[in-house]
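Comments concern the structure below.
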Amino acid sequence: MGMRVASNAVGAVLDLYRTDLAELYAPGEITAIARWIFQEKLGLDALDTATTLSESELLKVYLPLKRLRTGEPLQYVIGHVDFHGVRVAVGPEVLIPRPETEELVDLILRSRSTPPTTVIDLCTGSGCIALALKKAWPMARVIGTDVSASAIDRARSNAEANGLEVEWRVADVLVDDPLLPVADLIVSNPPYVLRSEEQGLARNVRDFEPHLALFVEDSDPALFHRAIAKRASALLPQGGALWMEGHFAHISDMVPEVSAMGFSTAQVINDLSGPPRFIHARR
């Protein structure tokens, strides 16, 4: 295996994690990562540094380290994330769901006193938003679309694994889709990271997560949001709601455009850490 551990003790393995990941993560993050790996691979909720691991146990926690030290995200190494009560498998064909997107789901759920009849999730990726909403509203018809066929394959398998019935469709949000039905809720977390910000991203994001789902050109930061709002203005009936996640520096710029598309209200909502992050508009 080529392992450089002084012994099979948990403490020796933790020292190896700290050494190998020091250039990528802060010490506290490394400890959290190690705890997650040990819990996932060995079922250990607490790390007793004196515990001795068998050779097979050692291998189970060393192989993830080999991947982590290349910069590969922990979520890809583990293979899944828990998102709003749904376990979502993730890989390099889809973005890793962020806490802000869970906030978006919370906001949507709290905004309604009754479930919607039909929900469309544009740029669905792993399907995390669509699946969380379907779990919350089992009687709703939920449709998820994405331009990436491999992302839709992943979303479909996530639906099957969670026993949730969602309709999936490969479709480009920038191109009209006549097959989409009227819906009373449309939601999207589209690409919104500016191409000029690429080099400033963390290595585990820049080198591993799909650029197709991340980036928009600097020349038109609102490209996807504008297309989604235009689609929503045609599909939402009076009273229908649109929710979008976006870039903190540009999301507010979309309010006048959304309002001009026939929405009676359009407002920006900050995320829990403070920056503007979401648009909520109603027909």
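Assorted remarks:
- Anisotropy class of segment 1-155 from Cα gyration tensor, a/c 1.5 cut: prolate
- Highest to lowest packing among 109-115, 161-167, 199-205, scored as the average C-beta count within 10 Å: 161-167, 199-205, 109-115
- Debye log10 I(q)/I(0) at q = 0.09, 0.16 Å⁻¹ for the chain, Cα point scatterers: -0.48, -1.20
- Here Lys60 is the anchor, and the lysines within straight C-alpha reach of less than 22 Å, apart from those fewer than 8 places off in the same chain, are Lys41.
- Accessible area per residue, Å², the chain with all protein chains present, probe 1.4 Å: 45 Å²
- Solvent exposure ordering (accessible area, 1.4 Å, most first) of Phe208, Phe278: Phe208, Phe278
- Among beta bridges from DSSP that stay inside the chain, the antiparallel ones total about 45%.
- Classification of segment 95-177 by its C-alpha gyration tensor yields a rounded form. The axis ratio a/c (a ≥ b ≥ c) stays under 1.5.
- With contacts taken as Cα pairs under 8 Å at a separation of at least 6 residues, segment 189-254 carries a relative contact order of 43 percent.
- Most simply put, segment 79-236 has about 20% antiparallel DSSP beta bridges, counting only bridges with both residues inside it.
- The convex hull around the C-alpha trace of segment 179-283, projected and averaged over every direction, spans 7.3 square nanometres.
- Value at 222 nm in deg cm²/dmol, rounded to 500, when DSSP H runs of n ≥ 4 in the chain each add -39,500 (n - 2.57): -11500 deg cm²/dmol
- Here the contact order of the chain, divided by its residue count and restricted to Cα pairs under 8 Å and six or more residues apart, works out to 13 percent.
- Each Cα pair under 8 Å and six or more residues apart adds its separation to the average, and for segment 68-175 the resulting relative contact order is 24 percent.
The values are calculated or read from the model by the stated rules, or taken from the named source; none is laboratory data. This is a predicted model, so every value here is computed, not measured. Note that each Cβ is placed from the backbone with ideal geometry, even for glycine, and that neighbours are counted across all protein chains shown. Calculation scope for accessible area: heavy atoms of the full protein, side chains included, ligands and nucleic acids excluded. Shrake-Rupley method; radii C 1.70, N 1.55, O 1.52, S 1.80 Å.
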